[in-house]
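Step one of this worksheet: look at the structure below.
The values are calculated or read from the model by the stated rules, or taken from the named source; none is laboratory data. Small disclaimer: the values here were computed from a predicted structure and weren't measured. Ideal geometry is used to build each Cβ from the backbone, glycine not excepted, and the neighbour counts take in all protein chains shown.
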Amino acid sequence: MLSETRAPLAAPGMRIGLLGGSFNPAHDAHRDISLAALKRLGLDQVWWLVTAGNPLKNNEGLPSVAARVHEARGVADHPRIIVTGFDGGTGTPYTADLLASLVQRYPGVNFVWLMGADNLATFHRWKAWPEIFQLVPLAVLDRPGCRLKARAGKAAHRFAGAYIDETDALGLATLEPPAWTILTHRLSGLSSTALRENVLESD
């Protein structure tokens, strides 16, 4: 079993989707997104990168990385979904730093950043977001009521010329960034925030 913060193994030529987040808690929508990405993007693996915290949110009371990794592994329950708290050795909570570290650490590996359409709509608030587009291709997974907001967002407009139709998504991982697409799939209304609130209400 991979330790909570150990770097996963990967070989040159592999296609790996990266799904980052607090996973507080992990839920079936994370799994559905990952399974859709494995199939639609022709990925070998999807890595769930459990972060120390979200710089844009209040992280007070957030369970430890180890606890969230342990719980997420039970939800993932798939041999090609790898759950890890590895932060790339950056010591920072920012996606741009993590991706730069992974690209350097794994030469020849074809990474794709996976994100929900709700995140693309506010992507311009992320640190160094244009650099993220330049580091790896992005696959945006549709979320209920979010597609139009995502397409109308600042990030989508900035990189409109790098958009590829989802019918060509199977080759996305091997494209030179910037390259991105929006994937339609079975939509789920689940969210970690809603699940946490339901737990609080039932206590």
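Before moving on, here are some points about what is shown:
- Of all residues in the range 138-171, those being in a loop (DSSP other than H, G, I, E, B), free of Cβ contacts under 8 Å to residues at least 40 places away in the same chain and of a type outside the set (A, V, I, L, M, F, W, C) number 3.
- Of all the criteria given as (1) in a helix (DSSP H, G or I); (2) of a type outside the set (Val, Ile, Thr); (3) modelled with pLDDT under 95, the one not satisfied by residue 185 is (1).
- Output for the range 13-51, where each listed residue is over 16 Å from residue 108 (Cβ atoms) and of a type in the set (Lys, Arg): 31, 39, 40
- Cβ pairs under 6 Å, 6+ apart, first in the range 116-135 and at positive phi, second hydrophobic (A, V, I, L, M, F, W, C) and surrounded by 15 or more Cβ atoms within 10 Å (Cβ to Cβ): 128/96
- Meets criteria (part of a loop (DSSP other than H, G, I, E, B), of a type outside the set (S, T, N, Q) and closer than 16 Å to residue 105 by Cβ) for residue 10: yes
- Among residues of the range 89-119, those that are within 14 Å of the chain's Cα centre (by Cα), surrounded by fewer than 22 Cβ atoms within 10 Å (Cβ to Cβ) and of a type in the set (A, V, I, L, M), counted: 1
- Filtered by the rule that a residue be more than 13 Å from the chain's Cα centre (by Cα), of a type outside the set (Gly, Ala, Ser) and closer than 22 Å to residue 36 by Cα, the range 120-141 gives a lone residue, 133.
Listed here are the residues, each with its yes/no results for (1) of a type in the set (A, V, I, L, M, F, W, C); (2) modelled with pLDDT of 95 or more; (3) surrounded by fewer than 18 Cβ atoms within 10 Å (Cβ to Cβ).
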{"residue": "141", "(1), (2), (3)": "yes, no, no"}
{"residue": "144", "(1), (2), (3)": "no, no, yes"}
{"residue": "147", "(1), (2), (3)": "no, no, no"}
{"residue": "161", "(1), (2), (3)": "no, yes, yes"}
{"residue": "165", "(1), (2), (3)": "no, yes, yes"}
{"residue": "172", "(1), (2), (3)": "yes, yes, no"}
{"residue": "180", "(1), (2), (3)": "yes, yes, no"}
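- Any hit, the range 79-88, residues being among the aromatic types (Phe, Trp, Tyr), under 12 Å from the mean Cα position of the chain (by Cα) and surrounded by 21 or more Cβ atoms within 10 Å (Cβ to Cβ): no
- If you go through the range 126-137 and keep only what is within 22 Å of residue 44 (Cα to Cα), among the hydrophobic types (A, V, I, L, M, F, W, C) and not in a helix (DSSP H, G or I), you end up with just 136.
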